[in-house]
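This report concerns only the one structure given below.
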Amino acid sequence: MFNIVLVNPQIPPNTGTIGRLCVNLDATLHLIKPLGFDIDDKAVKRAGLDYWHKLDLVVWDSLDDFLAAHPVDRHMHMATTKTEKLYFDAHFERGDYILFGSETKGIDEQVLLEHPDRCITIPMGGEGRSLNLGVSVGIVTYEALRQNYEGFEKISIANTLKEYL
């Protein structure tokens, strides 16, 4: 469905939660090193519950390696607080890549400056500076799903029925 990309994630439970979200959305999770934890960490698996083994996971050695394989184009969206383009004004298509930076640093500012047209943000009140990474991924990815929902319901219902049969 979509490709969720976490650039240098630092907090294991966030990544576990996002992994679980990816399984439920039939999305691929891309993790870009360095990671702030070992992906075998119990906290990652605890947050991912019994979904972690079902996750389509790709681990990249660096952001440069990822971008060499997936150059920034109209299918790349970079979530940041450093833009005014709202995520719900973005056009998402199946297979798109949605990048989220680390909990502490976000996406490298140079990459954002090179591609300002690919940056999106979640509106927030004046008192906060950011949202939890798992919450942010959920908000943006479900907007992408809303825009591409046709046919998804049939897939999810069939998968749910298989689990119980």
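Taking Asp65, is it surrounded by 12 or more Cβ atoms within 10 Å (Cβ to Cβ) and out of contact with any Pro (no Cβ under 7 Å at 6 or more places or on another chain)? In short, yes.
Starting from residues that are among the hydrophobic types (A, V, I, L, M, F, W, C), buried (at least 21 other Cβ atoms within 10 Å of the Cβ) and under 16 Å from Phe37 (Cβ atoms), keep the ones in region 1-24 and report whichever is modelled with the lowest pLDDT. Result: Ile18.
Pull up region 75-106, narrow it to residues that are among the charged types (D, E, K, R) and closer than 20 Å to Glu150 by Cβ, then point me to the one that is surrounded by the most Cβ atoms within 10 Å (Cβ to Cβ).
Restricting attention to region 75-106, the residues satisfying the condition of being among the charged types (D, E, K, R) are 82, 84-85, 89, 93-94, 96, 103, 105.
The next check asks that each one be closer than 20 Å to Glu150 by Cβ; those that pass are 93-94, 96.
Working: Glu93: 11, Arg94: 14, Asp96: 21.
Once the filter is applied, the top-ranked residue is Asp96.
Highlighted here are the helices (runs of 4 or more DSSP H) found entirely within region 38-136 that include at least 2 residues which are closer than 18 Å to Pro9 by Cα and touching a residue at least 40 places away in the same chain (Cβ under 8 Å): 63-69. The residues on offer are Phe37, Phe66, and the sole one that is over 22 Å from Gln147 (Cβ atoms) and at pLDDT 95 or above is Phe66.
Exactly one residue out of Ile120, Ile32, Ile39 is in contact with a His (Cβ under 7 Å, 6 or more places away or on another chain) and either surrounded by 14 or more Cβ atoms within 10 Å (Cβ to Cβ) or on the phi < 0 side of the Ramachandran plot (or both): that is Ile120.
The values are calculated or read from the model by the stated rules, or taken from the named source; none is laboratory data. Values in this document were obtained by computation on a predicted structure and should not be read as measured data. So basically every Cβ, Gly included, is an ideal-geometry build from the backbone, and we count neighbours across all protein chains shown.
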